[in-house]
Each structure stands twice: as structure tokens, then as C-alpha cells.
Amino acid sequence: MQKKLLLLLSLGWIFNYAHRMAIPPLIPLIKEELAITNAQAGLLMTSLLLPYALIQVPAGYFGDRLGRKKLVVISIVGYSLASSLIIFARQYWHLIGIRALYGIFAGLYYAPATALISGIYKEKTGSALGVFMVGPPIGSAIAPAIVVPIALALEWRYSFLVLSLMSLTVGLALMLIIKGEVRRVEKPKFAIPKNVFGLSIMNFIVLAAFFGILTFLPDFFVNKGRSVEEASLYFSLLSIVGVFGSIAGGNVYDRVGKTSLFFVLMFNALLSFLLVKTAYPVLVLLLGLFFYSVGPIVTAYTSEHASEENLGTVMGFVNMMGFLGATAGPYFIGILIDRMGYEVAFYSISGMYLLSLLILVQEKRSENKKRN
């Protein structure tokens, strides 16, 4: 039962990301049809990420209180139906509104799902979350493979209808195969310990950098003279390699703990700097490995800051802070591109990873002082 549950939760997380990351490879087409700027294109990610972020803490708490599996099923069905509405969008603001609705339902997923996994796989939390967190790289990888051919053959709106039918199937499978609640919390608490605030700020910066580069990576390569198809291929390769990065990150965390986070942040800063400096497509492979290893490491580390009674709430709070950063990141990077070009914009991403590393170092010093 545990393996089936982990598989279905991972599939739901894959499509959660496939829907949100369907926008980046379609940005060149959307910009051409709707005549929007890079900053407005960035808002197509921001519009879903803001409600997604704000719903995180309530999702964690109500998952603990009402049932984590139940809330996960509601999330999958809801985000599938919401995303399908893009077929009716004819103006830019239609897209903004629909993406916001999708963000609300998509935001109900992470906190109850990760709390459920952390509660079941206590001794191998990192490894289990490493499997679950293949959702972002796989979802990001399959998104271009699904949406670009449909967009070129028909039009880009139909891509979201196809994705919705696929994800709805996963929600129905989870509802029918996994009977009842797997694990219930006896006395859920709405409590956020002080020792998660430094981690939350770090997560804010990390996800601002992560979503900033993901949103504009295809357009970055198009700007460097590559075709839309070639740029989408690089985007997919980043995510395909990220599958291995996610699994490796979870396993490494089980072995060395928090130290693994220092190393991946350092390599992310270096590799994002080299990408803008050289624009070598081969760097995408290394980026995928380290970009996506951060997710399971941060998630597993967060779970150690909570008890069973407030696990969902803590997971939701740290993720909320991260996705507030993710909300700001694409718009901020879009503005920098419009005003100062891709070079300055992507150098700022490297700086974000360095800043998050400094926050983590400071947090470790504070912990050592308290112990001494």
C-alpha cells in the first residue's frame, strides 16, 4: 500500500508541475499572439504562484485536521478542471484569472502530500521524498513534449485540455485505489516554531531564483539564436537530468543531513553563473542535477523541525515562503530582462543562490551558539 500511495502521490505532483510549467515553452507563441512584454509573460507564472503560496499554510493545517489524502484528491481534480478552462481564454487577463484559479487548487497539494509521506517513511524520509520530488523535473520535462507538438499542430490552448484529462485520471485512481485515510493526526496543532524562519527566508530566495530561470530558460536560448523546438529540448533535458538529481538529493540527505544543502546551493550559484557567461547547452545537464536536488533536501530538512501534530502546518509555512519567492522571481527577472538584458538578469540568479547560502551559514552559526 505504501508503494502504491507514493507512486500515485508522485504522479499527482508530476502533473501539478506539468500544468504550471506548460507556460514557459509556450511563451514565444503567447507573446506573439497576445503582444505582451517579458514582464507580462512573467506574470503568467506569478498569477498562479501567489495564490499557490498563500494557500499553503491552510492546506497543511486542514490536511492534518480533515484528512491528508482527501485534500490531495480535491487538489488534483480541482487543478485539472481549472487548467482546462484555458481552452476558453481569448485575452491576456483571461489567462491571468484562470492561472490564479489553478494556483489555488494546485496549492492544496504539497503540504498534505509531503506530511503524509514524512509520517509514513520516518527512517527514510529523504529517500521517499526524493522519489516524490521527481515531480518537478519530470513534470517540467514532459510539459514541452506534450504542449509544443499540440501547439504547433493545433494551437497552444488545446495543450492544457490534454494535460487536464491526463491529470484527472491520476486523481480518480488515487481516490479509488487507496481506500480511506492512510494516516490520521490525533491532535493537529496550528503552530510554527521559531527555528523555521531562517529556513523559510532561504527557501524564499532559492525558489525565486529557481522559477526565475525556469520561466525564461527557453526564451533565453531563443534569444541566443536557437529555435523554439531546440530551446524546448534544452528545457526538457534540464528536467530529465533533474529526476536523477531529485532522487540523489534525497538519498544524500539521509546520509549526511544538512551538509548536503550547503553543497547544492554552492554549485547552483556557480553553474547559473557559467550558463549566462557561456550559453553552452551542455551546462543544462549539470544544472538539472543540482537545481532539482534542492527540493527533497529542503523538504526533508523541514520535516525535522516539526512534530506529527504540526507537520502539515510547518511544511505549508516553509513552502508558502518559498513560493512567495517563486511568485516574485519570474516577474523580477522579466523586468530585468526588459530593462537590462538577459546577462544581468541571469547573473542576479547566481547572486540569489549565494545569498541563500549565506543565510544557511548564519543559521548554522546561531544553532552552534545556542548549543554552546
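The values are calculated or read from the model by the stated rules, or taken from the named source; none is laboratory data. Nothing here was measured: the structure is a model prediction, and the numbers come from that model. Every residue, glycine as well, gets a Cβ built from its backbone with ideal geometry; the counts of neighbours run over all protein chains shown. Quick note on the areas: whole protein, heavy atoms, side chains included, nothing else; ligands and nucleic acids left out. Shrake-Rupley method; radii C 1.70, N 1.55, O 1.52, S 1.80 Å.
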So which residues in the stretch 276-300 are surrounded by fewer than 21 Cβ atoms within 10 Å (Cβ to Cβ) and either in contact (Cβ under 8 Å) with a residue 24 or more places away in the chain or part of a helix (DSSP H, G or I) (or both), if there are any at all? Val276, Lys277, Thr278, Ala279, Pro281, Leu283, Leu285, Leu286
Conditions (1) in contact (Cβ under 8 Å) with a residue 12 or more places away in the chain; (2) open to solvent by 30 Å² or more (accessible area, probe 1.4 Å): number failed by Trp93: (1)
Quick one: is Phe190 within 26 Å of Phe323 (Cα to Cα), modelled with pLDDT under 85, within 21 Å of the chain's Cα centre (by Cα) and open to solvent by 30 Å² or more (accessible area, probe 1.4 Å)? no
What number of residues within the stretch 197-234 satisfy the criterion of being open to solvent by 10 Å² or more (accessible area, probe 1.4 Å), within 20 Å of Ala143 (Cβ to Cβ) and of a type in the set (Val, Ile, Thr)? 2
Has the stretch 330-339 got at least one residue that is over 18 Å from the mean Cα position of the chain (by Cα), in a loop (DSSP other than H, G, I, E, B) and surrounded by fewer than 24 Cβ atoms within 10 Å (Cβ to Cβ)? no
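One line per residue, one yes/no per condition, for (1) on the phi > 0 side of the Ramachandran plot; (2) at pLDDT below 90; (3) surrounded by fewer than 24 Cβ atoms within 10 Å (Cβ to Cβ); (4) touching a strand residue (DSSP E or B) at 6+ places or on another chain (Cβ under 7 Å):
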{"position": "Tyr52", "(1), (2), (3), (4)": "no, yes, no, no"}
{"position": "Gly60", "(1), (2), (3), (4)": "no, yes, no, no"}
{"position": "Arg68", "(1), (2), (3), (4)": "no, yes, no, no"}
{"position": "Leu101", "(1), (2), (3), (4)": "no, no, yes, no"}
{"position": "Leu116", "(1), (2), (3), (4)": "no, yes, no, no"}
{"position": "Glu123", "(1), (2), (3), (4)": "no, yes, yes, no"}
Filtering the stretch 32-50 down to residues that are on the phi < 0 side of the Ramachandran plot and in a loop (DSSP other than H, G, I, E, B), which residue is most open to solvent (accessible area, probe 1.4 Å)? Thr37
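Whether any residue in the stretch 243-250 is part of a loop (DSSP other than H, G, I, E, B) and open to solvent by 20 Å² or more (accessible area, probe 1.4 Å) is what I want to check. Even if it seems obvious, please write down each step before you answer.
At the first step, the residues of the stretch 243-250 found to be part of a loop (DSSP other than H, G, I, E, B) are none.
No, every residue in the stretch 243-250 fails to be part of a loop (DSSP other than H, G, I, E, B) and open to solvent by 20 Å² or more (accessible area, probe 1.4 Å).
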